[in-house]
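Chemist: Attaching a single structure in structure tokens format; questions to follow.
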Amino acid sequence: MGWDNYHFHCFRIGGVRYGLADDEDFDLDEVDERTVTVAEAFSEMPKGFCDYDFGDSWHHERLVEKWDPITILLPSAVCTGGRRACPPEDCGGISCYVDLIDALSDPGHEEHAACLEWVGGDFDPEDFDLEAVNFGLRLLR
């Protein structure tokens, strides 16, 4: 997703919940996410969900559209395409993200300068950098 992974999160795939066993909110019914591969987790079910930052309540649907036999042998997952930029970390959830985009897209908006500074001076919500995504996936190995 592009976030820094410092918030609690879990994955829900086919009735199984995956999380990090060292999280204080780790549920004993969860599977430690570090013990399974993406291929193993999605072997029975092509669709799953990720909940990230329980305070901001980000919920993402994950859909495996196709398994390529060659990529299954690679040491990390590979993204073949996508759309839009990852919302900035800690932007406050969906409604706050919409407000952020509104402020950034309107130079006359009273919060434009503050929001522009907060995102580091540049943010294009339509940008998707496939190379950067795959670089990040390789780092997760």
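Chemist: Measuring from label point to label point, each 7 Å out along Cα→Cβ, what is the T35 to L20 span in nm?
Modeler: Inter-label distance under the simple model: 1.8 nm.
Chemist: What distance in nm lies between label points placed 7 Å from Cα along the C-beta direction at D127 and E65?
Modeler: With each label placed 7 Å out from Cα toward Cβ, I get 2.3 nm.
Chemist: Counting only DSSP beta bridges with both residues in the range 1-65, what percent are antiparallel, rounded to the nearest 5?
Modeler: The antiparallel fraction comes to roughly 90 percent.
Chemist: Which of the chymotrypsin sites (Phe, Trp or Tyr not before Pro) found in the range 1-99 are loop residues per DSSP with 16 or fewer other Cβ atoms within 10 Å of their Cβ?
Modeler: Here the chymotrypsin sites (Phe, Trp or Tyr not before Pro) that fit, given the DSSP loop and packing criteria, are W3, Y6, F8, F26, F54, W67.
Chemist: Give the residue list of trypsin sites (Lys or Arg not before Pro) in the range 1-93 that are DSSP loop and have at most 13 other beta-carbon atoms within 10 angstrom.
Modeler: For trypsin sites (Lys or Arg not before Pro) across the range 1-93 that sit outside H, G, I, E and B with at most 13 neighbouring Cβ atoms in 10 Å, the list reads K66, R83, R84.
Chemist: Further question: Per 0.36 nm of contour for each residue apart, how much would the distance between Y97 and H109 grow if the chain were fully extended, relative to their Cα-Cα spacing?
Modeler: The span from Y97 to H109 would gain 2.8 nm if fully extended.
Chemist: Which value, in debye to the nearest 20, describes the size of the charge dipole of the chain about its Cα centre when Lys and Arg Cβ atoms bear +1, Asp and Glu Cβ atoms bear -1, and nothing else is charged?
Modeler: Using Cβ point charges on Lys, Arg, Asp and Glu, the chain gives about 880 debye.
Throughout, read-outs are computed from the coordinates displayed, never taken from laboratory work. Since the structure is predicted, the reported quantities are computational estimates derived from the model, not experimental observations. Using ideal geometry, Cβ is built from the backbone for each residue, glycine included, and neighbour counts are taken over all protein chains shown.
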